[in-house]
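One structure is given here, and the rest of the page talks about it.
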Amino acid sequence: MITNPFLPKLNLPPDAKAVVIHGDDIGMSYSTVAGFPALLDAGILSAASVMVPCPWFPAAARMSRDLRDHPHLDMGVHLTLTSEWDEYRWGPIHRRDPESGLMDKESYFHRHEADVWAHADSAAVEAELRAQIETALAAGIDVTHIDSHMGSLFHPRLLTIYLELASEFQIPPFLVRPDVPHMQSGNMPPEDAQTLARLVAQVDAWGVPLFDGFYVMDLDRANGGWQEARAVLSALPPGSMTYLIFHPNIDAADLRAFAPDWRARVDDYHLLTDPTFRELLDELGITVIGMRGLRDAMRAAS
């Protein structure tokens, strides 16, 4: 058994199966904000991240301020360089400069990660990401971590920026121990996979928390999330930290209007407010952790 080195820092036994139950895309729409207090009250969601460039960010920020004393509030920044929907779009908050390479021909963020990698200027990426973090902090959010919308920052050229910002703000970046064969199976060029693996290995040596695995709940389903979550959680090895990603939304008109995968997002919401999910975690011996604890342990170590 290999024990994740951050488990002892969280006062967990070496054979713990630790999981962050994460809610993505908060502030993307009304449907992500309206039900969020109930998610916190249910006590299953252990971390979430907010999309600063999106129209409902101000509401998400106000909600975070109102709930700042809630014991389960753990909010990071979902660093955003893509805008994927057909008719619901957002763009840069730092500067809308066509020369930055951050925007498509419609003057919004690119829809696909590959277009970000091909066109975005590195300096413009750094300025935009910094603006998103600083905007969240200025809005009163106690930022616990950063992660990457659609994985657009997990590219050799952009990952360095991501890691430098994490170091500057002393907040953990979502990172998984590299699996080069898996990265290459996703059509990543071999040289890029090797470079990413080297970068992640370096930050591991610096004392940055790394996850042993992650899983994104299927967004192509209409329901069936309960069986999917049970299968994932049942397979977790002892001594590991895992990042389990949900996209919880209440069933609302705005969500149905722009998101073809709205059923899965609503199913995620029902899962995370269902008391039997907590019973499942207890049955499987899962320890739920948040990103705040990792942030505090990382800051203490540095």
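No lab work stands behind these numbers, since they all come straight from the coordinates. Just so you know, these numbers come straight off a predicted model, no measurement behind them. Quick reminder, even Gly has a Cβ in these numbers, built from the backbone with ideal geometry, and neighbours come from all protein chains shown.
Which residues make up the longest stretch of the chain that has no trypsin sites (Lys or Arg not before Pro) in a DSSP loop with at most 13 other Cβ atoms within 10 Å?
Formally, the longest exposed-site-free interval is 106-302.
If amide hydrogens are placed 1.01 Å from N in the peptide plane, which non-local residues have theirs closer than 5 Å to the one on Tyr108?
Close amide H contacts, sequence-distant or interchain: none at all.
Rank Val208, Gln132, His112 by how far each Cα sits towards the positive end of the charge dipole of segment 6-301 (+1 on Lys, Arg Cβ; -1 on Asp, Glu Cβ) and give me just the farthest.
Farthest towards the positive pole: Val208.
Where the only charges are on Cβ atoms (+1 Lys, Arg; -1 Asp, Glu), what is the dipole of segment 6-301 about its Cα centre, to the nearest 20 debye?
Numbers: 23 positive and 42 negative charges, 105 e Å.
Approximately 500 debye in magnitude.
Which one is right for this structure if Cα extents along the principal axes in Å is calculated from it: [x] 53, 41, 36; [y] 53, 45, 37; [z] 59, 44, 38?
Here the calculated entry is [y].
In nm, what is the difference between 0.36 nm times the number of residues separating Asp218 and Arg299 and their Cα-Cα distance?
25.8 nm
With both bridge residues required to lie in the chain, what share of the DSSP beta bridges run antiparallel, to the nearest 5%?
Taking every DSSP beta bridge with both residues in the chain, the antiparallel ones total about 5 percent.
Multiplying the sequence separation of Trp206 and Glu106 by 0.36 nm and subtracting their Cα-Cα distance, what value in nm do you get?
Numbers: separation 100, 0.36 × 100 = 36.00 nm, distance 4.08 nm.
Extending this stretch completely gives an extra 31.9 nm.
Give, in nm to one decimal, the length gained when the segment between Phe258 and Ile93 is fully stretched (0.36 nm per residue of separation minus the Cα-Cα distance).
57.2 nm
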